[in-house]
1. All but one of (1) open to solvent by 60 Å² or more (accessible area, probe 1.4 Å); (2) in contact with a Pro (Cβ under 7 Å, 6 or more places away or on another chain); (3) within 22 Å of THR151 (Cα to Cα) hold for THR94; state the number of the condition that does not hold.
2. Say whether the condition of being charged (D, E, K, R) and over 24 Å from SER52 (Cα atoms) is met by at least one residue in the range 120-142.
3. Please work out if PRO77 is assigned to a loop (DSSP other than H, G, I, E, B) and surrounded by fewer than 17 Cβ atoms within 10 Å (Cβ to Cβ).
4. Condition first: at pLDDT 95 or above, in a loop (DSSP other than H, G, I, E, B) and of a type in the set (S, T, N, Q). Can you find one or more residues in the range 28-42 that meet it?
5. Examine the range 46-61 for a residue that is modelled with pLDDT under 95, more than 19 Å from the chain's Cα centre (by Cα), part of a loop (DSSP other than H, G, I, E, B) and crowded, with 16+ Cβ neighbours inside 10 Å, and state whether such a residue exists.
6. So in the range 108-135, with the set limited to residues that are touching a residue at least 40 places away in the same chain (Cβ under 8 Å) and of a type in the set (S, T, N, Q), which one is surrounded by the fewest Cβ atoms within 10 Å (Cβ to Cβ)?
7. Would you call THR151 polar (S, T, N, Q), surrounded by 16 or more Cβ atoms within 10 Å (Cβ to Cβ), over 30 Å from LEU45 (Cα atoms) and modelled with pLDDT of 95 or more?
8. Checking ALA95 against (1) modelled with pLDDT of 95 or more; (2) more than 30 Å from GLY24 (Cβ to Cβ), only one condition comes out false. Which one?
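The values are calculated or read from the model by the stated rules, or taken from the named source; none is laboratory data. All of these numbers come straight from a predicted model, not from anything done at the bench. Ideal geometry is used to build each Cβ from the backbone, glycine not excepted, and the neighbour counts take in all protein chains shown. These area figures cover heavy atoms from the full protein model, side chains too; ligands, DNA and RNA do not enter into them. Shrake-Rupley method; radii C 1.70, N 1.55, O 1.52, S 1.80 Å.
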Amino acid sequence: YQTANGASSVGACTLCSKGKYSTGSGATAKGKCHLCPAGKYQSSLGSSQCLSCTAGKFASGVGMRSCYSCKPGRYQPLPGATTCASCALGKFQTAAGSTFCTTCSAGTYKSRSGSDYKCNICLGGTYQPNVQATSCLSCEAGKYATGLASTTCTPKPAVDCFGVPNGPAVMGCDGVCGSGLVVGG
């Protein structure tokens, strides 16, 4: 823009600052420089347009000089965004500036969205056969899951227990006889 009338050269013009743009020639006031709208930015002086933030980035305010990358646990698939979305339950993202979230694998789960950006591993005694799970499942009676990130439960070996004295055989599944019982042979 140019505040003086009759300027004879472009050098006499003042450039719009970063985060602003001017679309027309012959502007005579600083007010002709417009703030870039949310979702767009301008990092150069004297620009005639603003640029859209690329996918994986956002500009939440007006007059932005640059865009921000989405944080881990969040993503943005579209350009020109004003916010990033949290990964859905059962999904995660560990990298900044992401355009998608990854599904938690079987044997893992994610029960919160947003800043909790990693999937949790199912611990011993629990399992998860499905992808994109929000919790682990407890093994049914008579079954167990060994190790971490189990996707199935295995039947426990049966142990014969006998009552004392001369009681009937009882099938136990935990390898330990109940009160008043002993392991039989």
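1. For THR94, the exception is condition (3).
2. As a first pass, look at the range 120-142 and keep what is charged (D, E, K, R): 140.
In the following step, the residues that additionally are over 24 Å from SER52 (Cα atoms) were identified as 140.
The answer is yes, given that some residue of the range 120-142 is charged (D, E, K, R) and over 24 Å from SER52 (Cα atoms).
3. Values: assigned to a loop (DSSP other than H, G, I, E, B): yes; surrounded by fewer than 17 Cβ atoms within 10 Å (Cβ to Cβ): yes.
Considered against the rule, which asks whether it is assigned to a loop (DSSP other than H, G, I, E, B) and surrounded by fewer than 17 Cβ atoms within 10 Å (Cβ to Cβ), PRO77 comes out as yes.
4. Looking through the range 28-42, at least one residue is at pLDDT 95 or above, in a loop (DSSP other than H, G, I, E, B) and of a type in the set (S, T, N, Q).
5. Looking for residues that are modelled with pLDDT under 95, more than 19 Å from the chain's Cα centre (by Cα), part of a loop (DSSP other than H, G, I, E, B) and crowded, with 16+ Cβ neighbours inside 10 Å, one finds at least one in the range 46-61, hence yes.
6. Taking the range 108-135 and keeping what is touching a residue at least 40 places away in the same chain (Cβ under 8 Å), we get 108, 113-117, 131-134.
Filter once more, keeping what is of a type in the set (S, T, N, Q): 108, 113, 115, 132, 134.
Details: THR108: 22, SER113: 19, SER115: 10, GLN132: 19, THR134: 15.
Among those residues, the one meeting the criterion is SER115.
7. Values: polar (S, T, N, Q): yes; surrounded by 16 or more Cβ atoms within 10 Å (Cβ to Cβ): no; over 30 Å from LEU45 (Cα atoms): yes; modelled with pLDDT of 95 or more: yes.
Here the answer is no, as THR151 does not meet what is asked.
8. In the conditions (1) modelled with pLDDT of 95 or more; (2) more than 30 Å from GLY24 (Cβ to Cβ), ALA95 misses (1) alone.
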